[in-house]
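For reference, the structure is listed below as structure tokens.
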Amino acid sequence: MTTRMDEPVLLTGASGRVGQAILGGIGDDYTWRLFDREPPTDDPDHEFVVADITDETAVREAASDVGAIVHLAGDPRPEAPWESVLRNNIDGTRTVLDAALAAGVDRVVFASSNHAVGHYETDRKPDLYRSDDDFRLDGTERPRPGNLYGVSKAAGETLGRYYHDEHGLTFAAVRIGNLTAGHPPIDYERGQAMWLSPRDCAHLIDRCLSADYDYEVVYGISDNDRKYYSLARAKDALGYEPRDNSAEWDGDEKLSGGS
Ligand SMILES: NC(=O)C1=CN([C@@H]2O[C@H](COP(=O)(O)OP(=O)(O)OC[C@H]3O[C@@H](n4cnc5c(N)ncnc54)[C@H](O)[C@@H]3O)[C@@H](O)[C@H]2O)C=CC1
Ligand SMILES: O=C1O[C@H](COP(=O)(O)O)[C@@H](O)[C@H](O)[C@H]1O
């Protein structure tokens with residue numbers, strides 16, 4: 001086992017699609033403390049805390065002796081109602097950042113989303129989904145959420161900015177495209193453009209845990225022929241080297257996100 005950090009990494013939302021992709025790729029490279037409100041279905045390979053991300057005491061205890069936090073837990077539905085994103089996503093992220101501060105944890109990696117910038121697509125689709133279109137978002141643009149879920153992700157990025165500027169926390173927000181079993185669908189141009197393969201996802205999170213940076217907002221997609229998110233910042237600041245491309249995906253379920 002290659003442990004690149006002396007202390008464990010707290011992974012919230014560990015049982016979901018993204019969490020499983022991370023563990024599938026770099027599960028052996030760190031000591032993990034998994035955190036999810038749903039109990040594991042099988043015997044977990046790592047320490048597992050069953051609790052809700054809005055439970056401040058539980059989150060503080062879980063963060064007490066870790067070296068970094070990868071924060072995925074939240075309501076991932078683009079159509080999620082305000083009550084849910086306010087509680088699970090916005091206040092959940094503040095709870096995680098407060099816990100990091102209280103425990104002296106230096107680094108938080110946050111699962112942001114393409115939906116934080118969804119309205120940049122509005123006037124440009126479907127052209128921007130095509131490989132001959134050179135429009136790119138690079139992470140320096142202001143958020144333009146496409147829904148309340150996207151608002152909650154933009155709020156998470158802003159919370160991270162505040163905790164960085166006010167308290168010196170190292171923070172990376174990864175605007176994840178789409179990591180879903182069965183993706184990228186061949187006939188869905190947008191899905192092709194924003195595909196993130198599980199192994200590229202694990203590698204990108206590894207870079208977020210290992211690289212030297214202060215505050216970053218990067219896009220989390222594979223090196224797809226179709227793309228409207230720039231990978232430049234993830235490559236330059238974090239050393240991201242994606243290996244997959246939706247145009248070359250052959251339907252391999254392992255690459256696409258599992259069964
Ligand atoms: N899968 C994707 O394509 C994308 C995912 N994301 C973000 O990545 C993160 C993970 O998403 P997925 O793995 O796809 O979702 P998922 O629904 O597969 O997994 C989310 C996990 O978080 C847990 N969870 C949810 N609310 C919780 C709470 N209040 N307390 C504790 N645990 C809670 C769930 O039990 C679940 O295991 C989310 O924040 C989502 O918004 C962002 C962009 C794209
Ligand atoms: O943030 C997210 O984005 C993905 C992709 O969005 P979609 O509009 O193409 O479905 C979504 O599948 C995922 O649930 C969500 O968390």
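The values are calculated or read from the model by the stated rules, or taken from the named source; none is laboratory data. Bear in mind the structure is a predicted one, so any value in this text is a computation, not a measurement. Methodologically, a virtual Cβ is constructed for each residue, glycine included, from the backbone with ideal geometry; neighbour enumeration extends over all protein chains shown. Surface accessibility is based on the protein's heavy atoms, side chains included, excluding ligands, DNA and RNA. Shrake-Rupley method; radii C 1.70, N 1.55, O 1.52, S 1.80 Å.
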Among the residues of the stretch 123-140 satisfying the criterion of being in a loop (DSSP other than H, G, I, E, B) and under 18 Å from the mean Cα position of the chain (by Cα), which is nearest to ASN89 (Cα to Cα)? GLY139
Confirm whether GLY92 is under 27 Å from PRO8 (Cβ atoms) and either within 12 Å of ligand 1 (Cβ to nearest atom) or outside any helix (DSSP H, G or I) (or both). yes
Matching residues in the stretch 1-43 - criterion: being within 16 Å of ligand 2 (Cβ to nearest atom), on the phi < 0 side of the Ramachandran plot and not basic (Lys, Arg): THR12, ALA14, SER15, GLY16, VAL18, GLY19, GLN20, ALA21, ILE22, ASP36
Among GLU7, GLU47, the single one that is open to solvent by 10 Å² or more (accessible area, probe 1.4 Å) and at pLDDT 95 or above is GLU47
Going by the structure shown, is LEU34 touching a Phe, Trp or Tyr at 6+ places or on another chain (Cβ under 7 Å), surrounded by 23 or more Cβ atoms within 10 Å (Cβ to Cβ) and closer than 23 Å to LEU169 by Cβ? yes
Determine whether PHE35 is in contact (Cβ under 8 Å) with a residue 12 or more places away in the chain and more than 27 Å from ARG142 (Cα to Cα). yes
Every residue in the stretch 105-119 that is part of a loop (DSSP other than H, G, I, E, B) and open to solvent by 20 Å² or more (accessible area, probe 1.4 Å), please. ASP106
Checking the condition within 16 Å of ligand 1 (Cβ to nearest atom) and open to solvent by 40 Å² or more (accessible area, probe 1.4 Å), which residue from LEU179, LEU86, LEU137 passes? LEU86
Quick one: count up the residues across the stretch 101-119 that are without any contact (Cβ under 8 Å) to a residue 60 or more places away in the chain and within 14 Å of ligand 2 (Cβ to nearest atom). 5
I'm trying to understand the selection: among the residues of the stretch 217-233, which are over 14 Å from ASN245 (Cβ atoms), of a type outside the set (A, V, I, L, M, F, W, C), buried (at least 21 other Cβ atoms within 10 Å of the Cβ) and out of contact with any Phe, Trp or Tyr (no Cβ under 6 Å at 6 or more places or on another chain)? GLY220
Matching residues in the stretch 89-100 - criterion: being open to solvent by 10 Å² or more (accessible area, probe 1.4 Å), touching a residue at least 40 places away in the same chain (Cβ under 8 Å) and under 18 Å from the mean Cα position of the chain (by Cα): ILE90, ARG94
Of the numbered conditions (1) crowded, with 17+ Cβ neighbours inside 10 Å; (2) farther than 22 Å from ALA154 by Cα; (3) touching a His at 6+ places or on another chain (Cβ under 9 Å), ALA63 satisfies every one except a single condition; which is it? (3)
Does the stretch 70-90 include one or more residues that are within 14 Å of ligand 2 (Cβ to nearest atom), at positive phi and in contact with a strand residue (DSSP E or B) (Cβ under 8 Å, 6 or more places away or on another chain)? yes
Of ASP236, ASP206, the only residue that is of a type in the set (Asp, Glu) and more than 19 Å from GLY19 (Cβ to Cβ) is ASP236
Among the residues listed as THR158, THR122, the single one being within 16 Å of ligand 2 (Cβ to nearest atom), open to solvent by 40 Å² or more (accessible area, probe 1.4 Å) and at negative phi: THR122
With criteria (1) away from ligand 1 (no atom under 14 Å from the Cβ); (2) over 21 Å from VAL174 (Cα atoms); (3) in a loop (DSSP other than H, G, I, E, B); (4) of a type outside the set (Ser, Thr, Tyr), ALA102 comes up short on (3)
